Amino acid sequence: MHPAHFIQANTNGRLHCATEPSIAPLNRGFLYGDAIYEVWRTYQGVIFAWDEHWQRLEGSASALYMGLPWSQAQMLAEIKKTVAAWRAHTGSPAELYIRLQVTRGCGAIGLDVALADQTDYVLLVQPCPLLSPAQEAAGLVLSLARGLHRNHPATLNPAWKTGNYLNNLLCLREAKSRGADEVVITNLAGEITEAAVSNIGFVRDGVLVLPPLAAGILAGITRRILIDHAAPLAGVVVREETVRPEELAGMSECFLTATTKDLVPVRAIDNVEFNVGAQSVTRRVKRAFADYVEAYIKAHPQLTV
């Protein structure tokens, strides 16, 4: 199998090809989406933002009243074992996508969490899905979802990274049906929240404008690093403000942030076009993000996989 297609799995410590079934039909992640997950990526073979993602995993587990019976150090050892198996199988030095899926386990059919037996996990390792240089240069095309809205935080809070992605999936399907690369989802109040698998941001008068967490979005790790580190390094001000679709025409730039993509310029949202040039604010902040990554790599040799 070509290295780009092989996915190495680790189910509760057992290594196997990801195409091999490894969970029971009674697994609650399969039956009910009773699961949480995190995704890390590597830069120069170093797991990036290891602590930040782990802390968010713990927050998601706490929100779902789910125990994590493994320490952070134990899971890092399992990740290193899984990555070593992937590299041994493929012989590839590619940068990696590392996904940890945690479920409440198995048990009798029923929604009561008391029916679950024990928490389990599946690790998945594959090449990091990177955009081509041409895609990066051109920018992505987005489309506003019209049929569905983002879950309200008082229902299933989008801040939790759970196994429930039907809302995102269906919104993305709608945007893809119009030829877009990604979707822009609004909340019930008509405010812009995020894309299906990325946070979204804008530039107005040289200032980064980000929808606030209260709009109903995932607390993105890349978004947080952007606010705390990359934007200050680039000398750019960040404001968290409500953004509505009718304000898009007043934005000069748009971008997505995500673990596997860092900052990606957006060329258009439906009929509204944005600047994606080499001298844009987005490109400047993206370069500052790369500088932060370089410093992180040098400071965390213990996270090399």
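Nothing in this text is a laboratory measurement; each read-out follows from the coordinates by a stated rule. Bear in mind the structure is a predicted one, so any value in this text is a computation, not a measurement. We place every Cβ from the backbone using ideal geometry, glycine too, and count neighbours over all the protein chains shown.
Using a Gaussian network for the chain with springs between C-alpha atoms less than 10 Å apart, which of these wobbles most: TRP70, TRP54, TRP86?
Residue with maximal mean-square fluctuation among TRP70, TRP54, TRP86: TRP70.
How many angstrom lie between the C-alpha centres of the range 157-231 and the range 94-130?
Between the Cα centres of the range 157-231 and the range 94-130 lies a distance of 23 Å.
Please say if the range 8-127 is rounded, prolate or oblate, where rounded means a/c under 1.5 for a ≥ b ≥ c the square roots of the C-alpha gyration tensor eigenvalues, and otherwise the choice is prolate for a/b larger than b/c and oblate otherwise?
In terms of gyration-tensor shape, oblate.
Sort the range 62-148 into rounded, prolate or oblate with this rule: let a ≥ b ≥ c be the square roots of the eigenvalues of the Cα gyration tensor; rounded if a/c is under 1.5, and if a/c is not under 1.5, prolate when a/b is larger than b/c, oblate otherwise.
oblate
Just to be sure I understand: with springs between alpha-carbon atoms less than 10 Å apart, which residue in PRO232, PRO69, PRO265 has the highest mean-square fluctuation in the Gaussian network model of the chain?
In this elastic network of the chain, the residue with the biggest mean-square fluctuation among PRO232, PRO69, PRO265 is PRO69.
Give me the percent relative contact order of the range 8-127, please, defined on Cα pairs under 8 angstrom at least 6 residues apart.
Relative contact order, the range 8-127: 38 percent.
Cα-Cα over 23 Å: which of LYS81/LYS286; LYS81/LYS261; LYS261/LYS298; LYS176/LYS286?
In this structure, LYS81/LYS286; LYS81/LYS261; LYS176/LYS286 exceed 23 Å between Cα atoms.
Taking the Cβ of each residue in ARG56, ARG287, ARG104 as the centre, tally the other Cβ atoms inside 10 Å and list the residues starting with the fewest.
Sorted ascending by nearby Cβ count, the order is ARG287, ARG56, ARG104.
I'd like the chymotrypsin sites (Phe, Trp or Tyr not before Pro) in the range 115-194 restricted to DSSP loop residues with at most 15 other Cβ atoms within 10 Å, sorted by number.
Hits after loop and neighbour filter: TYR165.
Averaging sequence separations of C-alpha pairs under 8 Å and six or more residues apart, then dividing by the length of the chain, give the relative contact order as a whole percent. Intermediate results must be reported in sequence, preceding the final value.
On the way: 594 pairs, mean separation 57.2, N = 305.
Worked out over the chain, it gives 19 percent.
Return the label of the correct value of Cα extents along the principal axes in Å, as calculated from the structure shown, out of (i) 54, 42, 42; (ii) 53, 43, 34; (iii) 70, 39, 35.
Computing Cα extents along the principal axes in Å and matching it to (i) 54, 42, 42; (ii) 53, 43, 34; (iii) 70, 39, 35 gives (ii).
Once you sort the root eigenvalues of the Cα gyration tensor of the range 133-296 as a ≥ b ≥ c, which label holds: rounded (a/c under 1.5), prolate (a/b larger than b/c) or oblate (the other case)?
Note, shape of the range 133-296 comes out prolate.
Mean residue ellipticity at 222 nm from the helices of the chain, using -39,500 (n - 2.57) per DSSP H segment of n ≥ 4 over the full residue count, to the nearest 500 deg cm²/dmol?
-8000 deg cm²/dmol
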